[in-house]
Amino acid sequence: MAAESAFVLSLAEQQAVWLSLVVALRSVAFSLPFAVLTAWVLSRGRFWGKTVFDSVVHLPLVLPPVVVGYLLLIGFGVRGPIGHFLYENFGIRLAFTSEGASLATAVMAFPLMVRAIRLALDAVDRGLEDAARTLGAGAIDRFMSITLPLMLPGILAGAVVAFAASLGEFGAVITFASNIPGETQTLPLAIYQAIQTPDGDAMAARLALLSIALALGGLILSEILARRVRAMTGTP
Amino acid sequence: MISVDIAKRLDSFALNVAFEAGGGVTALFGRSGAGKSTIVKAIAGLVRPERGRIQVGEVVLFDAAHGVNVPAERRRAGVVFQDGRLFPHLNVKQNLLYGFARAKGEKAIDAESVIRMLGIEALLERKPATLSGGERQRVAVGRALLAQPRVLLMDEPLASLDVARKGEVLPYLEELNARFAIPIIYVTHDADEVLRLASDVVLLAGGTVAASGTLAAVTGRLDLPVEAEALGLGVILEGRVDSHDAARGLSAIATPLGAFRLPLLAREIGARVAIRVAARDVSIALERPAAISVQNMFDAVVEEVRPSGPHVARLAMRAGEGRLLAELTADAVVRLKLDAGARVVALVKAVALAR
């Protein structure tokens, strides 16, 4: 122990970092299309029950994460209606797996992502879409050629926020996916466990520093990307 | 031929208009809030009227009675918006080709001639944010043209430009109709633009058509509609360039009234020109003054005198084979004893006719 440098990560720690990145990336990649769709419906849609839908989307923001994890267990557990269906038909098991950890973080980060994308969508000048219409572009064409490129900075921002939130999600992950090293033990879970363990202080500190580094790196990267996208799309 | 007959309830008033437009430039002229832009949006398919019918050429774009409502993306109505609405994430070339790439069938209007005509060769790689207002509007015109429209709808395309920028775009617009043979509906509240560009005019007030017809007919009546007051009373004379006198800096135009002299025109001999003689620019004398700067004098017979307001009168005269209108003070009418049948000399300053 003493021979090791305080800054070299143990295998378990490397695993936790790697796993966190995988869980968060998969969570963002999976939920992004749904978030764009949801943002679209909330920004442009006019239908009965929109307020209720809006509230449901934002629910994870105000619910205790443990409750979200518990609800996921009920729905997606092997005996839950959706989990049972997935397992019987596709052999997919979500509870207590790293995929399940991604699902839990995706649900928790979803409202943040939708919010950022919706703001960007609201800022897109509808007049430009009208102009595209008069130039012969149908609805899908308009969305792909005008709306989507113009809201790209917002989508990027949403993805970054969701990624950061996914890296940090604790309650929903530990409830739904449990705390299995190498499988579902992401950074915050590993830190929690290190704190609980006698002599785990150094490990907790290292992992905490790593969390900070990851978060900062993510923010800087997103700022650079956002600048590029803004220059490309000519949006302010 | 474009025929529009629509009704639409708006927040502040009800739009209820019917008019026809030919193959030239038809100006929809009226104050802000007269419903001009709504008419353009209805023709383009961006606003749905409650009642009525819109037809362009042989194609019915909207017919409420028969449930016809062609979606905007299939109407082939090119729109030039006041604010240009260029796509900020695309460069000029990509903007120009946006509609062109989506147009179906034979493309009569090619990119090269449009780019050359609008003088935007040097801008192709630029992003809209780096263009001046005038450049932006020229690109917007090109983009609409290249979508191969059946009709070009221009919604106050110069309203957001300052005078210098307007002067930058106007000459291109003047050429447009002649070059591409596409009917143009031109929305504006600027009388100068109407007088420079339009062959026909629809006067709008409070959501209804106050008067419509050729520019000459609408502004050539002594009982000028109040909505046309800003355009001013006047006649439009069709003529041909007869001769140039470079030494004196004058061109002579043969018109039904006789020869008109005006400052040297850059047009070939024999070219058709239309000159508008505003009634305000016509003075009346009882005999030909000997030493006077005025270049154009015509013997005329007064046909009608009609007061317009308490201190101003309007005069219709026959001169040569044509007609001339004048606006005078009521006092002048009394002093010169002007009445129907009076023989007078009508004086028109050459510089008043310069464009």
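Values quoted throughout were computed directly from the atomic coordinates according to the rules given, and no laboratory measurement underlies them. This is a predicted model, so every value here is computed, not measured. Positions of Cβ are generated from backbone atoms using ideal geometry, with glycine treated the same way; all protein chains shown enter the neighbour counts.
For B:Leu124 and A:Ala226, what does the FRET efficiency come to when R0 = 25 Å and r is the distance between their Cβ atoms, rounded to the nearest 0.05? Before the final figure, lay out the partial values.
Numbers: r = 28 Å, r/R0 = 1.10.
Efficiency computed from Cβ-Cβ geometry: 0.35.
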- Note on the structure: Filtered hits (lysines, Cα-Cα < 16 Å from B:Lys127, offset >= 8 within chain) -> B:Lys93
- Where the centre of each part is set by its Cα atoms, how far does the stretch A:50-94 sit from the stretch A:184-215, in angstrom? 28 Å
- Message: Neighbour counts of other C-beta atoms within 10 Å: give me B:His89, B:His311 arranged from fewest to most.
- Response: B:His311, B:His89
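Using the Cβ atoms and a cut-off under 11 Å, what net charge is assigned to the surroundings of A:Leu152, where Lys and Arg are +1 and Asp and Glu are -1?
Numbers: positive: A:Arg228, A:Arg230; negative: none.
Charge balance in the 11 Å sphere: +2.
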- Under 13 Å, Cβ to Cβ, from A:Ala208 - net charge with Lys/Arg +1 and Asp/Glu -1: -1
- Message: Angle check, please: helix A:148-168 long axis (alpha carbons) against the longest principal axis of chain A (alpha carbons), in degrees 0 to 90, nearest 10.
- Response: 20 degrees
- Item | Where trypsin sites (Lys or Arg not before Pro) in DSSP loops with at most 12 other Cβ within 10 Å are excluded, longest remaining stretch of chain A | A:80-236
- Item | Max mean-square fluctuation residue, GNM over chain B, Cα-Cα springs under 10 Å, options B:Gly67, B:Gly99, B:Gly133 | B:Gly67
- Item | Fluctuation leader among B:Ala147, B:Ala291, B:Ala246 - chain B, Gaussian network, Cα springs under 10 angstrom | B:Ala291
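Within the set of other residues whose C-beta is less than 14 Å from the C-beta of A:Ser178, count the net charge using Lys and Arg as +1 and Asp and Glu as -1. Write out the running numbers ahead of the final one.
On the way: positive: A:Arg93; negative: A:Glu99, A:Glu169, A:Glu183.
Residues close to A:Ser178 contribute a combined charge of -2.
Only sites in a loop by DSSP and with at most 10 other Cβ atoms within 10 Å count here; which GluC sites (Glu not before Pro) in the stretch B:302-355 make the cut?
Details: sites: B:Glu303, B:Glu304, B:Glu321, B:Glu327; in loops: B:Glu321.
Hits after loop and neighbour filter: B:Glu321.
Please say if the stretch A:12-233 is rounded, prolate or oblate, where rounded means a/c under 1.5 for a ≥ b ≥ c the square roots of the C-alpha gyration tensor eigenvalues, and otherwise the choice is prolate for a/b larger than b/c and oblate otherwise?
In terms of gyration-tensor shape, oblate.
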- Message: When a/c reaches 1.5 or more, the comparison of a/b and b/c decides; with that in mind, is the stretch B:297-355 rounded, prolate or oblate per its Cα gyration tensor?
- Response: oblate
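For the protein assembly as shown, what does the alpha-carbon gyration tensor say about shape, rounded, prolate or oblate, given a ≥ b ≥ c as the root eigenvalues, a/c under 1.5 as rounded, and a/b over b/c as prolate?
Working: a/c = 3.74, a/b = 2.93, b/c = 1.28.
Here the protein assembly as shown falls in the prolate category.
Return the loop-located trypsin sites (Lys or Arg not before Pro) in the stretch B:214-292 (DSSP other than H, G, I, E, B) with at most 14 other Cβ atoms within 10 Å of their own Cβ; answer none if there are none.
Working: sites: B:Arg221, B:Arg240, B:Arg248, B:Arg261, B:Arg267, B:Arg272, B:Arg276, B:Arg280; in loops: B:Arg221, B:Arg248, B:Arg267.
Within the stretch B:214-292, the qualifying trypsin sites (Lys or Arg not before Pro) (loop, at most 14 other Cβ atoms within 10 Å) are B:Arg248, B:Arg267.
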- Item | Within the stretch B:178-264, GluC sites (Glu not before Pro) in DSSP loop having at most 14 other beta-carbon neighbours inside 10 Å | B:Glu229
